[in-house]
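The values are calculated or read from the model by the stated rules, or taken from the named source; none is laboratory data. Everything numeric here is computed off the predicted structure, so don't read it as measured data. A quick note on method: Cβ atoms are made from the backbone with ideal geometry, for glycine too, and the neighbour counts reach across all protein chains shown. Just so you know, the surface numbers come from the protein's heavy atoms only, side chains and all, with ligands and any DNA or RNA stripped out. Shrake-Rupley method; radii C 1.70, N 1.55, O 1.52, S 1.80 Å.
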Amino acid sequence: METERLDRDPVQTGRTHPRSIEHRAIAEQFHLMYASPLFAGMSSDECNDVLAWSRLKKFARNEMLFLQGEPFNKLVMIQTGMVKVTQTSLGGQEVILRVIRARDTVGLHAESSLFRHACSACAMETCRAFVWEYRDFRTIESQYPRLTTNIHSILSGRLVELEKMFSEIATGSAAQRLGLTLLRLLERVGETSGDGVTVNLRREELSQMTGLTVFTISRALAKWARSGLVIPRREAILVRDLPRFRTELKSEVREAKIMPNSQRDQLM
């Protein structure tokens with residue numbers, strides 16, 4: 001893991017006219033992060049001040065940002081790359097709770113001094129991230145109470161999402177569970193190109209997110225591939241027409257809600 005120290009002075013004293021190429025680069029790195037949910041409702045000067053307390057770190061692929069069970073000691077905001085947030089069961093099985101990209105934050109908790117991490121965070125590819133020591137971040141929060149409000153809002157949104165995912169797992173067919181999970185990933189971390197939208201995930205990782213077997217996932221992807229909706233790849237899935245995929249999936253979900261249970265169980 002490589003660490004770059006971010007000097008507070010260039011940003012605070014040269015926001016309008018950075019004094020060197022290095023200072024301009026730091027200002028640009030900061031500017032790209034203003035759209036983070038953590039900074040909702042805050043001015044650019046306030047965002048700069050908060051970011052100036054952080055260190056910019058580089059994480060290699062498969063490197064852990066933090067581990068389940070560790071005490072809360074840092075907050076991490078992704079600048080580039082993709083990170084998976086996982087939880088390990090008592091039986092040792094790893095479950096992927098969410099996948100995040102730039103401007104999203106991991107290591108959030110309302111009261112970090114009282115808890116340990118309930119999950120782990122791992123870089124799925126080479127990542128760069130802004131990292132705050134929690135003792136520093138608590139100091140910043142006292143200066144900018146809006147940060148506390150935003151943290152509560154982010155955590156509330158994640159709880160709602162987890163409740164929705166649980167409902168899908170408990171009531172949906174295999175194809176619906178996979179499709180809805182894939183749709184969320186496409187909208188959150190998908191990479192758009194002329195061919196469509198790509199999610200860089202292996203079938204094993206989709207299995208860890210949905211509770212489905214790799215065989216079941218491959219069968220569903222093959223069915224969608226035959227209809228021209230997706231192109232499965234070794235470590236990625238390309239959805240050729242996202243609006244069509246969304247429409248057909250939601251139509252299938254609506255139809256399933258009015259089907260008898262016997263017919264619903266046969267959906268794949």
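Of note:
- Hits in the range 26-52 - residues which are of a type in the set (A, V, I, L, M, F, W, C) and open to solvent by 70 Å² or more (accessible area, probe 1.4 Å): Leu32, Ala35
- Thr216 meets the stated requirement of being at pLDDT 90 or above, under 15 Å from Ala174 (Cα atoms), of a type in the set (Val, Ile, Thr) and not in a loop (DSSP other than H, G, I, E, B).
- Whichever residue in the range 193-213 is among the β-branched types (Val, Ile, Thr) and modelled with pLDDT of 90 or more and, among such residues, is surrounded by the most Cβ atoms within 10 Å (Cβ to Cβ): Val199
- Looking across the range 134-170, the residues that are of a type outside the set (A, V, I, L, M, F, W, C) and closer than 20 Å to Arg98 by Cα come down to Asn150, His152, Ser153, Ser156, Gly157, Arg158, Glu161, Glu163, Lys164, Ser167, Glu168.
- Comparison of Arg103, Arg116 shows that the only residue that is touching a residue at least 40 places away in the same chain (Cβ under 8 Å) and in contact with a Pro (Cβ under 7 Å, 6 or more places away or on another chain) is Arg116.
- Of the residues Ser44, Ser36, Ser20, the single one that is more than 18 Å from Arg128 (Cα to Cα), at pLDDT 75 or above and out of contact with any Asp or Glu (no Cβ under 6 Å at 6 or more places or on another chain) is Ser44.
- Residues in the range 59-92 that are closer than 15 Å to Val106 by Cα and either open to solvent by less than 40 Å² (accessible area, probe 1.4 Å) or not in a loop (DSSP other than H, G, I, E, B) (or both): 21 in all.
- Count of residues meeting criterion [of a type in the set (Ser, Thr, Tyr) and in contact with a strand residue (DSSP E or B) (Cβ under 9 Å, 6 or more places away or on another chain)] in the range 217-242: 1
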